[in-house]
Amino acid sequence: MHIADFVSGSFAGACGVAVGYPLDTVKVRIQTQRQFTGVWQCIVATFSKEGVHGFFKGMTLPLTTITMTSSVVFGTYRNCLQCLSQARGACSNTKLDVFLSGMAGGIAQISVMSPGDIVKVRLQCQTESKRRGAKPKYHGPVHCLLSIIKEEGFRGLYRGALPLMLRDGPSYATYFLTYKIICERLTDSGKKRPDWSGVMLAGGVAGMAGWTIGTPMDVIKARLQMDGARETKRYKGFYHCITETVRTEGVGVFFRSLGINCLRAFPVNMVVFVTYEVLTGFLKDAADGIDPPRIGFE
């Protein structure tokens, strides 16, 4: 088993959250609250009403849990690749192997990701500001987590898990496949790995490709997670949420946050893959007792 991939994946995920969280907050608010009509309007309104803190609401729990979820994604991906190559008796993996392994990694993380994700979304959509004397419903990540369990039971922590799975399965499959293809194209003849700029570009573009696939389900996920939290429950379930959203706002709403998703995805995944490749290369070579290479891409 490739233990190094679990370890480096966890650190890479944490770095990605730190870089992209403010824009993630803007994205979630645009998806779930009609008072925000666009990216810039949401940024200005959030800053004027809540200050800089408003962009980082709910960050504590995702920063803690992302070490587990990202570890599961990268660890599952690498070990699935190994299993598929061994099953075929081959030394290398096909693009189909990469696609299927990426999908397995995306789906595998749902069990550990869903509770932290719903807490993140609930806190991000809490627009009340304490400095203006308002009393927000949730006092912090732990209070939000316990409130959901009290009001909705443990099943409430997994509300939106189906669209989350439908988002992350295809999204991560596209993510890893795009990364591998671009890295192969950017690797000079005779070398086993691309240079730093190649890894950064491949990671950024892979992130954008993954979010292009995943944004429609991301909208449905966020709406189901917020449904009934502050007002009357609107949706009866997954399919009703889709049909009602299309009926009231049109198909275009599913791509309303695509621009900000791609804007956030490029720097976030650039950092994620550079961190992942460097740490993986270092850990594997340290275990083998040799000097680590410049980039650990294989």
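The values are calculated or read from the model by the stated rules, or taken from the named source; none is laboratory data. Because the structure is a prediction, the values reported are computed rather than measured. In this analysis, Cβ positions are derived from the backbone assuming ideal geometry, glycine residues included, and neighbour counts consider all displayed protein chains.
Summary of values
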read-out: Counted residues, region 221-256 - those being in a helix (DSSP H, G or I), buried (at least 18 other Cβ atoms within 10 Å of the Cβ) and more than 22 Å from the chain's Cα centre (by Cα); value: 1
read-out: Conditions (1) at pLDDT 95 or above; (2) outside any helix (DSSP H, G or I); number of the one not met by residue 205; value: (2)
read-out: Output for region 14-58, where each listed residue is assigned to a loop (DSSP other than H, G, I, E, B), within 22 Å of the chain's Cα centre (by Cα) and in contact (Cβ under 8 Å) with a residue 60 or more places away in the chain; value: 33, 57, 58
read-out: Residue in region 3-18 that is crowded, with 22+ Cβ neighbours inside 10 Å and acidic (Asp, Glu) present; value: yes
read-out: Every residue from region 77-95 that is in contact (Cβ under 8 Å) with a residue 24 or more places away in the chain and touching an Asp or Glu at 6+ places or on another chain (Cβ under 9 Å); value: 77, 78, 79, 80
read-out: Hits in region 73-96 - residues which are surrounded by fewer than 16 Cβ atoms within 10 Å (Cβ to Cβ) and of a type in the set (A, V, I, L, M); value: 87, 90, 96
read-out: Checklist (1) under 19 Å from residue 176 (Cβ atoms); (2) within 24 Å of the chain's Cα centre (by Cα); (3) of a type outside the set (Gly, Ala, Ser); (4) modelled with pLDDT of 90 or more applied to residue 113, failing item; value: (4)
read-out: Checklist (1) without any contact (Cβ under 8 Å) to a residue 60 or more places away in the chain; (2) surrounded by 22 or more Cβ atoms within 10 Å (Cβ to Cβ) applied to residue 143, failing item; value: (2)
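Yes or no, residue by residue, for (1) surrounded by fewer than 18 Cβ atoms within 10 Å (Cβ to Cβ); (2) without any contact (Cβ under 8 Å) to a residue 60 or more places away in the chain; (3) under 22 Å from residue 258 (Cβ atoms); (4) hydrophobic (A, V, I, L, M, F, W, C):
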site: 65; (1), (2), (3), (4): no, yes, no, no
site: 71; (1), (2), (3), (4): no, no, no, no
site: 98; (1), (2), (3), (4): no, no, no, yes
site: 113; (1), (2), (3), (4): no, yes, yes, yes
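Let's see how each residue does on (1) within 30 Å of residue 250 (Cβ to Cβ); (2) over 24 Å from the mean Cα position of the chain (by Cα); (3) among the acidic types (Asp, Glu); (4) crowded, with 20+ Cβ neighbours inside 10 Å:
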| site | (1), (2), (3), (4) |
| --- | --- |
| 183 | no, no, no, yes |
| 196 | no, no, no, no |
| 199 | no, no, no, yes |
| 202 | no, no, no, yes |
| 206 | yes, no, no, yes |
| 214 | yes, no, no, yes |
| 219 | yes, no, no, yes |
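Here's the yes/no breakdown for (1) part of a helix (DSSP H, G or I); (2) modelled with pLDDT of 90 or more; (3) of a type in the set (A, V, I, L, M); (4) buried (at least 20 other Cβ atoms within 10 Å of the Cβ):
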| site | (1), (2), (3), (4) |
| --- | --- |
| 103 | yes, yes, yes, yes |
| 149 | yes, yes, yes, no |
| 171 | yes, yes, no, yes |
| 188 | no, no, no, no |
